[in-house]
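Notes follow the structure.
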Amino acid sequence: MEQKWWHGKTAYQIYPKSFQDSNGDGIGDLRGVIQRLDYLRDLGIGLVWLSPIYCSPLADQGYDISDYYNIDPRFGTMADMEELLREAKKRDIGIVMDLVVNHCSDEHPWFREACRDPDGPYGQYFYIRDCPEGQKLPCNWRSYFGGPVWDYLPGHKDKVYLHLFHRKQPDLNWENPEVRRAVYEMINWWLDKGLAGFRIDAIINIKKALPFRDYPADRPDGLCSVDRMLKDAQGVLDFLDEMAEETFRKYDAFSVGEVFNEKPEELPRFIGDRGCFSTMFDFAETEIGQDPRGWYAHKRVTAEQYKAAAFASQRKAEGVGYFCNIIENHDEPRGVSRYLPAGACAGPGGDAAKKMLGGLNFMLRGLPFLYQGQEIGMENTRCETIAEVDDISARDQYQVALHAGLSPAEAMEVVNLYSRDNARTPFQWDNTKNAGFTTGKPWLRVNPNYTQLNLEAQRRTPDSVWNFYRALIALRQDPVYQEAVVYGRTEPYLPELLNLMAYYRRGKEKTLLVVGNFQGRPRRIPLPEGGQKVLLNNLPAFDLRQDILYAKPWQFVVLDVEPQ
Ligand code: GLC
Ligand code: CA
């Protein structure tokens, strides 16, 4: 595998709306990000992905773009963006923007024009079909946010348009070369401004299985998940190869795909040396326990499942490419509230558990991609009623749960566990009003635990979660260990031991052993003979006797060991 300029970095996702507000309107903004660049540099971050800041009606929090060439005034101006790029560069931080081109907003001029004249050139930018009122829709796919993927074209009672996501997110017709050309031009325009690259949103969806047809219904609503259609869609990689050739490759840009449902044999074409993306997120862990019926039917993740998913992904990437490893993002609940057993964060040893989870994920082979607040161990929030919930996906899942017979209180438990709001509550900077996020009224309620859980407090506490993340990042940058941390081969260690997640990272010179006692109970862990040097430990003690580690609950260590 070729080495790339970004492999050794640590990446960080910012959800701008919730990161730092600079002007008291309750909405995080670009000037807020600029103010926090020193924070990111000192933490050791080398790449920052910004969730969308383009002009948008915010029907799906910016993932519905009405102008790809401008910044939404709520987030700032183009001058702010240019300043951010310059200031980030000074600190050796590359800025990555979100590329949302499966769909645009229904308020984008292309869609407006398509509505005005569906038979004109912009009609071909979307999937518009004749369908007189009362007649059967072109197909029975269910949108990701619930309901059919078809809606009447505004101003027309006899035509419908396709939206795999919200009805305010009409799908762009990638089969039309004009659409592809317009997208590539826009990408290059941004790369010319000095962007390091893009995170590519929902990209697997750009290829539809055509012509539209029904699939067997998979829920009582008579509809069928889009996932089913995606199994039949052929040729997404032809589009993506073309895109890479016309854009990213010319700039040696970084590109990370949000890819779900890829076909296993296609992995090299996605992220191999000649792949269309630099890398993609490993979502294997996020898929554990999911159920096609909806969130309400999900099962909680066990340590064994987590371990199995992580190791399977490491094997998949071996010799092919380099994944991005995450425990959370803006679409997922907080990792510590999801992958640790219920209540583990709150109990004694909660910080140790958070550090263990973070460490196990961070030390895997791949690019560690932290999500804002992960570095201080931010947790899920709680809502008592659905009216308090902003996330459109959670609102839909609440209804699905009610239809399945859950009580409102039970449905809220489900929402509280999986809602995307969990990741979107404002960053907890300190214990002043609104956690230092805004002087105004925050657009989404701050997690009330901010009085205890905040960056300022953790800076002052040597054994805080935050200081532990700093140590992880420092190890990744340590010239002695960097090669092993970045490129070392992953080899599971005693994988058959329940609730132990341990693995070697075998580098050219150094071999590391990463060990996590994935349970709230002590245990004995046999270590390979002799020569262990402790590089990281999430607890003060390291009780080793005759090559047996007497591990405390949630203990996590990284050892420098002799190559065996
Ligand atoms: C991606 C985004 C998500 C958004 C969806 C539609 O999954 O991460 O936030 O809702 O695409 O753009
Ligand atoms: Ca603001």
His108, His7 arranged by Cβ crowding within 10 Å, fewest neighbours leading
His7, His108
Hey, any idea what the orientation-averaged projected area of the convex hull of the range 298-404's Cα atoms comes to, in nm²?
8.2
Cα pairs beyond 44 Å in the chain, in percent, come to 15
Selection from Thr286, Asn449, Pro563 lying farthest towards where the dipole of the chain points positive, charges on Cβ
Pro563
Near Lys533, which lysines are there with a Cα under 17 Å away, not counting those fewer than 8 places off in the same chain?
Lys510
Where does the charge balance sit around Gly147 when Lys and Arg score +1, Asp and Glu -1, over other residues with C-beta under 11 Å from its C-beta?
-1
What do you get for the angle between helix 236-246 and the principal long axis of the chain? Use alpha-carbon atoms, 0 to 90 degrees, nearest ten.
80
Check: C-alpha center the range 485-564 vs C-alpha center the range 63-82, spacing in Å is 46
In degrees from 0 to 90, rounded to the nearest 10, what is the angle of the helix 350-362 Cα long axis to the longest principal axis of the chain?
70
In debye to the nearest 20, how big a dipole does the chain give about its Cα centre with +1 on each Lys and Arg Cβ and -1 on each Asp and Glu Cβ?
1440
Ranked packing of 388-395, 342-349, 314-321, most packed first, by mean Cβ within 10 Å
388-395, 314-321, 342-349
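Could you compute the net charge surrounding Pro264? Neighbours are other residues with a C-beta less than 15 Å from the C-beta of Pro264; K and R count +1, D and E count -1.
Details: positive: Lys231, Lys263, Arg269, Arg315, Lys316; negative: Glu262, Glu265, Glu266, Asp282, Glu287, Glu318.
Its environment carries a net charge of -1.
From the helices alone, meaning DSSP H stretches of at least four residues, give me the mean residue ellipticity at 222 nm for the chain, per-run term -39500 (n - 2.57), in deg cm²/dmol to the nearest 500. If you can, show how the numbers build up before the last one.
Working: 18 runs with 161 residues, N = 564.
Dividing the helical sum by the residues of the chain leaves -8000 deg cm²/dmol.
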Residue by residue through the range 292-300, what is 3J(HN,Hα) from phi via Karplus (6.51 cos²θ - 1.76 cosθ + 1.60, θ = phi - 60°)? Round to whole Hz and write x for glycine and proline.
x, 6, x, 4, 4, 8, 5, 10, 5
On C-alpha positions alone, give me the angle between the axis of helix 392-403 and the longest principal axis of the chain, in degrees, nearest 10.
90
Can you check what the net charge comes to around Pro73, using other residues whose Cβ is under 12 Å from the Cβ of Pro73 (Lys, Arg +1; Asp, Glu -1)?
-4
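So for Met97, Met356, fewest C-beta neighbours within 10 Å to most, what's the order? Can you show the working numbers first?
Numbers: Met97 22, Met356 28.
Least to most surrounded, the residues fall as Met97, Met356.
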Going highest first, how would you order 432-442, 371-381 by mean Cβ packing within 10 Å?
371-381, 432-442
Residue exposure sequence - Met229, Met363 - by fewest surrounding Cβ within 10 Å:
Met229, Met363
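Each reported figure results from applying straightforward, stated rules to the coordinates on display, with no laboratory input. Quick caveat, the model's predicted, so the values are computed rather than measured. FYI the Cβ positions are ideal-geometry reconstructions off the backbone, even for glycines, and counts take in every protein chain you see.
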